[in-house]
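The values are calculated or read from the model by the stated rules, or taken from the named source; none is laboratory data. Keep in mind that what you see is a predicted model, and the values were worked out from it rather than measured. All Cβ positions, even for glycine, are placed from backbone atoms using ideal geometry, and neighbour counts span all protein chains on display.
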Amino acid sequence: MRKGHKRELIGNEGKMILDTVRRLNRRNAVDHLLKMLKKTHPADIAWTFRHLTPNERRSIFNIIAQTEMVGEFISELDESIMLELVSELTPQYMAAIVKEMDKDDAADLLEALPEEMANEIRKLMGKADREEVDALLKYDPETAGGLMSPDFMAFDEEMSVGEAIRNVQERSEETETSFYLYITHGPEKQLAGVLSLRELLLHPPYRLLKNVMNPKVIAVSTITPQNEVAHIVSQYNFLAVPVVDSSYTLKGIVTVDDVIDVIREEATEDFLRMAGAGKDQEILLKPVFENAKTRAPWLFATLVGGVAAAFIITSFEDELAQVLALTAFIPVVAGMGGNIGTQSSTIVVRGIATGRVNMDELFQVIFKEMRVGLILGGAYGVFLGLLAWLGYTEPALLGVVVGLSILMVMTLAASMGAAIPLILRRFNVDAAIATGPFITTAMDIVGITGYFVIAKVLLGL
């Protein structure tokens with residue numbers, strides 16, 4: 001589900017809950033297990049489900065399905081586990097669960113289910129609930145419209161403070177969050193301002209909301225990408241941000257808990273891509289064959305690079321036969337280039353994601369990384385050059401060859417590592433795909449070729 005990343009239980013707390021749940025289930029102590037589940041937060045139970053066997057999950061879920069917490073519990077589950085459990089439930093029962101869920105969680109659930117099952121559930125839902133959920137489902141799940149909740153506090157600007165306070169008291173249980181009160185104007189309910197509940201309580205009851213609201217409200221569009229929403233919420237420390245359509249009509253709010261999920265989701269995807277493991281956040285929960293299938297294409301890039309490097313080395317067979325010592329430093333040259341290239345690309349990718357890299361200063365970023373590569377390449381080039389000179393008396397210039405090769409490959413790798421993600425981002429391609437195997441493979445080929453060319457020129461081979 002979109003909210004796939006919840007807090008993780010750490011140490012003894014998680015182990016104790018997991019062991020207790022397993023033990024009670026093994027003894028078939030349904031009453032005791034039910035009491036324990038009711039006292040435990042649904043997010044914590046969802047965490048334990050990652051570590052249970054499929055049979056244990058089904059048995060315990062059958063007990064949870066008899067309680068009021070089932071809806072919240074399902075919304076906390078990892079998508080693969082959720083699909084495994086609800087596949088055996090009837091559409092009638094699922095419709096009853098969906099009715100009790102927050103509308104944004106219900107939309108996430110229906111979006112994750114197979115289309116046929118989701119349509120069956122929708123038919124059985126009440127008209128008002130179905131329309132609310134359908135309104136959310138029409139948006140891309142990775143935009144503000146797909147993240148937002150339609151449950152929020154919004155009143156007309158002509159309402160008095162006293163009336164607003166009474167309305168808040170009456171509607172507090174219906175809404176997602178009551179931290180902010182949004183002020184609208186006109187029949188179209190266009191967003192006009194915002195007011196925190198604390199500020200509302202500080203004003204006399206006879207004042208109109210339009211005279212006490214903050215008109216400088218920061219909002220996002222229904223089509224704003226989720227990473228931009230996350231950036232706005234984290235930059236301004238909001239607890240929620242309003243979502244408007246093209247007419248500036250208030251459609252919903254994105255709350256900070258959804259934003260935390262988005263930040264973790266985006267970061268996880270980036271790191272998996274950087275490591276060359278795809279972008280499936282639930283890869284650890286996949287069966288062995290599926291896990292291998294996901295990672296295979298990325299490793300193919302490394303294989304291609306390795307084969308290309310092998311052909312390059314073979315093409316310099318005569319030079320190697322004359323100076324066998326050159327072979328000893330091939331792994332060092334390739335490894336140093338690959339490592340600094342990955343460092344630079346990782347720094348730039350995260351800089352782009354967090355807004356610390358200004359795309360208008362593309363050349364400055366590349367030039368800075370190039371200088372870093374030049375400094376590090378110079379330092380390690382001198383060090384490795386001295387080692388080569390001391391370790392191998394013949395040929396006399398081997399140390400110079402190794403030193404210059406390290407300088408060349410590290411400078412080039414740092415520059416390429418910074419440039420490729422920036423260029424991809426300029427063409428609206430996810431920068432994370434440039435890292436990991438791709439940078440390492442490219443630098444293996446370039447580094448080894450450069451090393452042999454320098455050796456051939458300086459040693460006269």
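From the set of residues in the range 114-145 that are assigned to a loop (DSSP other than H, G, I, E, B), out of contact with any strand residue (DSSP E or B) (no Cβ under 9 Å at 6 or more places or on another chain) and surrounded by fewer than 18 Cβ atoms within 10 Å (Cβ to Cβ), which is modelled with the highest pLDDT? Result: Lys138. Residues that are in contact with a Lys or Arg (Cβ under 9 Å, 6 or more places away or on another chain), under 29 Å from Lys210 (Cα atoms) and crowded, with 16+ Cβ neighbours inside 10 Å within the range 146-158 comprise Leu147, Met148, Ser149, Pro150, Asp151, Met153, Ala154, Asp156, Glu157, listed in sequence order. List, please: which pairs have Cβ atoms under 9 Å, are six or more places apart or on different chains, and start with a residue in the range 262-277 that is closer than 19 Å to Thr224 by Cβ and among the acidic types (Asp, Glu) and end with one that is assigned to a helix (DSSP H, G or I) and modelled with pLDDT under 75? Between residues of the range 262-277 that are closer than 19 Å to Thr224 by Cβ and among the acidic types (Asp, Glu) and residues that are assigned to a helix (DSSP H, G or I) and modelled with pLDDT under 75, the close pairs are Glu266/Ala353; Glu269/Ala432.
Only one of the numbered conditions (1) over 25 Å from Val262 (Cα atoms); (2) surrounded by 14 or more Cβ atoms within 10 Å (Cβ to Cβ) is violated by Arg198, and that is (2). If you filter the range 394-451 down to residues that are aromatic (Phe, Trp, Tyr) and under 21 Å from the mean Cα position of the chain (by Cα), you find that the one that is surrounded by the most Cβ atoms within 10 Å (Cβ to Cβ) is Phe438. The residues of the range 298-311 that are surrounded by 16 or more Cβ atoms within 10 Å (Cβ to Cβ) and either touching a strand residue (DSSP E or B) at 6+ places or on another chain (Cβ under 6 Å) or β-branched (Val, Ile, Thr) (or both) amount to a single one, Thr302.
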